[in-house]
Amino acid sequence: MKTIARSVVIIALVSVVMAPLGALAAEKAAAETAAAVVNGTTITQEALAFETQRMIEQMARQRPGQVPDEASMPQVREDVLNRMIEEELLYQDSQSKNIKVPETRVTEELASIKQRFPSEKEYQDALAGIEMSEADLTRKITRGMAIEQLIKEHVIQETTVSDAESRAFYDQNASMFEKPEQIQARHILIKMEGDVTEAQKAEALAKIEMIRKKAVEGEDFAALAGGYSEDSSRTQWGDLGYFSRGQMEKPFEDAAFTLEPGSISEVVETKFGYHIIKVIDRKSPEEIRARHILITVADDFTVEQKTEARARIEAVRQKALEGEDFAALAGGYSEGPSRAKWGDLGHFSRGQMVKPFEDAAFALKIGEISEVVETQFGYHIIEVTDQQPASVVSYETVQAQIVERLKQEKSRREIQQYIETLRSQADIKRN
């Protein structure tokens, strides 16, 4: 709840205590020309100009080259003024509810801000640069904390998100959860940088072809990369880790993604020079979800005991084929730990299960029931309940993130509704 409260304070357009010091705007005396008056409290033109400039600088950092032009400046100014009005409304409401911020919290926050500066002098210089005294800063911190406490205690209710809501978000926003195919590869590079002569190119090509011949004949590719490669990955024996399309030079990428694990490319030329590539691993092209029923077989079982176990799993399989609910059968008969979950193993990809089980499971279509599968654990039957391409992250993997996102969206709406109520009851004059 504390995390949500802090994040929605930001959304509620509060000057965040943890923001850079330059973002803590100085509030000037009310004698200056007012940009707005909120229940008798003045928001000055100078304060508005300061916050508008801060917003422009923030936009420039987030989107370089997309600073608002003159035509859009009135709208930027209007947006900033609305945020300042809303902050003032929230602060006034916190005071009407007699919210008191403990001095110890303010002191700790002030100390935390000071620690970001190498020296007291640099801290004081930063304050002077934005025409703010430490008393101004202390008051700003206190205001921010009062608003945060208001939101936590009076605005946000205990927010819950149902499984149906999070599942609907997942289904309706499939593109958000796509992940690209990935491979892991090593490479060896012989560089060609700057202006190289034809003779130098020929020499580099001859060298990489000699290295490739060694690799194809069975010499260890990693050792060759460590000995010959002129790329920074040489210290990792040429290992580039996992990467997806779009992360490498196009000729390199095209060659790498055509390779099967263990195979070595022809010589590939890029702007960096000549490469040879060896793919180590390729992410599974498919992910499935399955249930299973296991009748265990121990190492010391006699032939008769194994025969009995086989007969039991065959009998359970027959019940499943005749239409009895597989999950109920797993809950009643399975001897594996997944029995408590009605046999559900969740989503998994190739390489996560023992080979005989994996081969049988990935050969099934949704709803199909396998033949009896024997592994070192015993006898299994399997039912596949879902299939997804590897390019899609499973719902279970991202469920917690979706729930947190939906909670924050609900909290945003609660805050906005609260602010609208305050607005409707306030005396606001704008210039």
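The values are calculated or read from the model by the stated rules, or taken from the named source; none is laboratory data. Small disclaimer: the values here were computed from a predicted structure and weren't measured. Positions of Cβ are generated from backbone atoms using ideal geometry, with glycine treated the same way; all protein chains shown enter the neighbour counts.
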- [ ] For segment 349-376, enumerate the residues that are of a type in the set (Phe, Trp, Tyr) and within 21 Å of LYS319 (Cβ to Cβ).
- [x] PHE357
Task: Within segment 156-170, considering residues that are modelled with pLDDT under 90 and surrounded by fewer than 11 Cβ atoms within 10 Å (Cβ to Cβ), the one nearest to the chain's Cα centre (by Cα) - done: THR160
Task: Enumeration of residues in segment 341-363 that are touching a residue at least 24 places away in the same chain (Cβ under 8 Å) and not polar (S, T, N, Q) - done: TRP342, GLY343, ASP344, LEU345, GLY346, HIS347, PHE348, ARG350, GLY351, PHE357, ALA361, PHE362
TODO: Of all residues in segment 171-216, count the ones that are under 38 Å from the mean Cα position of the chain (by Cα) and not β-branched (Val, Ile, Thr).
DONE: 20
Open item on the list: Going by what's in this entry, would ARG289 be described as closer than 17 Å to PRO356 by Cα and either of a type outside the set (D, E, K, R) or at pLDDT below 95 (or both)?
Closed with: yes
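Residue-wise test of (1) at pLDDT below 95; (2) within 30 Å of LEU364 (Cα to Cα); (3) among the aromatic types (Phe, Trp, Tyr).
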{"residue": "ALA202", "(1), (2), (3)": "yes, no, no"}
{"residue": "ILE208", "(1), (2), (3)": "no, no, no"}
{"residue": "ARG212", "(1), (2), (3)": "no, no, no"}
{"residue": "LEU224", "(1), (2), (3)": "no, no, no"}
{"residue": "LEU240", "(1), (2), (3)": "yes, no, no"}
{"residue": "GLN247", "(1), (2), (3)": "yes, no, no"}
{"residue": "SER265", "(1), (2), (3)": "no, no, no"}
{"residue": "VAL268", "(1), (2), (3)": "no, no, no"}
{"residue": "PHE272", "(1), (2), (3)": "yes, no, yes"}
Task: Only listed residue being among the charged types (D, E, K, R) and either in a strand (DSSP E or B) or without any contact (Cβ under 8 Å) to a residue 24 or more places away in the chain (or both), chosen from GLU230, GLU165, GLU158, GLU219 - done: GLU219
Open item on the list: Against the condition under 23 Å from ARG139 (Cα atoms) and loosely packed, with under 10 Cβ neighbours inside 10 Å, how does GLU120 come out, does it pass?
Closed with: yes
- [ ] For LEU224, indicate whether it is over 30 Å from GLU404 (Cα atoms) and in contact with an Asp or Glu (Cβ under 6 Å, 6 or more places away or on another chain).
- [x] no
Open item on the list: With the structure loaded, tell me whether THR258 is polar (S, T, N, Q), at negative phi and touching a helix residue (DSSP H, G or I) at 6+ places or on another chain (Cβ under 9 Å) or whether it fails that test.
Closed with: no
Open item on the list: Based on this model, can you work out whether ILE276 counts as surrounded by 15 or more Cβ atoms within 10 Å (Cβ to Cβ), touching a residue at least 60 places away in the same chain (Cβ under 8 Å), assigned to a strand (DSSP E or B) and in the same structural domain as GLU217 (by TED's automatic domain parsing)?
Closed with: yes
Task: Number of the condition not met by ALA340 [criteria: (1) within 27 Å of ASP300 (Cα to Cα); (2) surrounded by 13 or more Cβ atoms within 10 Å (Cβ to Cβ)] - done: (2)
Task: Among (1) modelled with pLDDT of 95 or more; (2) farther than 17 Å from SER265 by Cβ - the single one GLN236 does not satisfy - done: (1)
- [ ] Can you give me the ranges of the strands (runs of 3 or more DSSP E) entirely in segment 322-431 with at least 1 residues that are closer than 30 Å to ILE147 by Cβ, more than 34 Å from the chain's Cα centre (by Cα) and not polar (S, T, N, Q)?
- [x] 428-430
Task: Leading residue by the ranking (farthest from the chain's Cα centre (by Cα)) among those in segment 233-255 that are within 17 Å of ILE190 (Cβ to Cβ) and touching a residue at least 24 places away in the same chain (Cβ under 8 Å) - done: TRP237
